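Scroll down for the structure; my scribbles are underneath it.
Values quoted throughout were computed directly from the atomic coordinates according to the rules given, and no laboratory measurement underlies them. Please read these numbers as outputs of a predicted model, since none were measured by experiment. Ideal geometry is used to build each Cβ from the backbone, glycine not excepted, and the neighbour counts take in all protein chains shown.
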Amino acid sequence: MGVRRQDIFAVRLSCPVRSFSPRLADLLAYYQLLREYVDLEHINKKSKPFDWTGWVDYCPRDTPQQENGYDCGVFACQFLEALSRGMDSPFNFTQRSMAFLRRRMILEIARTELHGGT
């Protein structure tokens, strides 16, 4: 199974490999692809496989679900913002929140200022 860069989106937060993928199907294959990609990159840069000691696969069951093919960027930004503020779960947004959150993100970018919380 080949690994393509465009197939991988990952964030390293502390030690676990975390997935907040709106599509929860086939997580084992996702984690395997992610690990293969990281191993290949690590071998390329450091001439040895990545040490996965202490890493665990993690995906909370109450993750909000994306219901279309175009809100992935807003979902990703909302997950990362919540995690950066120390909120691991539950996330307080849904698919119905996306129009509002997209507009708020545009306003924050225009004002170069983030709001106070999620």
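When a footprinting reagent is the concern and you count Cβ atoms within 10 Å, what order do 84, 47, 97 take, fewest first?
Ascending number of Cβ neighbours within 10 Å: 47, 84, 97.
From the convex hull of the Cα coordinates of the stretch 62-118, what is the mean projected area in square nanometres?
The orientation-averaged projected area of the Cα hull of the stretch 62-118 comes to 3.8 nm².
Looking at the stretch 38-79, which trypsin sites (Lys or Arg not before Pro) are DSSP coil and have at most 10 other C-beta atoms within 10 Å of their C-beta?
61
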